[in-house]
1. Just from its helices, what would the mean residue ellipticity at 222 nm be for the chain, if runs of 4 or more DSSP H residues each count -39500 (n - 2.57) and the sum is divided by every residue, rounded to the nearest 500 deg cm²/dmol?
2. How large is the convex hull of the C-alpha atoms of the chain per residue, in Å³?
Amino acid sequence: MPISIKLKEILKERDLSQRELARMTGLRPNTISHLCSDNVDRVYLSTIETVCKVLDIDIQELIEVE
């Protein structure tokens with residue numbers, strides 16, 4: 001069951017850069033870049049939780065099951 005991570009779209013809506021999000025979350029810029037790519041193959045749940053907490057969104061807003 002493929003999933004897509006809509007982080008790129010969320011950042012665009014909020015006019016936030018990947019670098020700014022990396023700074024806000026304390027995550028590595030490479031990690032944020034990977035989450036914004038079209039081929040996310042795996043990600044730690046703790047990473048998703050951190051992104052959701054900082055952006056104040058539910059996980060359902062970030063991840064879409066196709």
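1. -15500 deg cm²/dmol
2. Output value, Cα hull per residue: 80 Å³.
All of the numbers you see were taken from the coordinates with simple rules; none came from a lab. Here the structure is a predicted model, which is why all the values come from computation and not from measurement.
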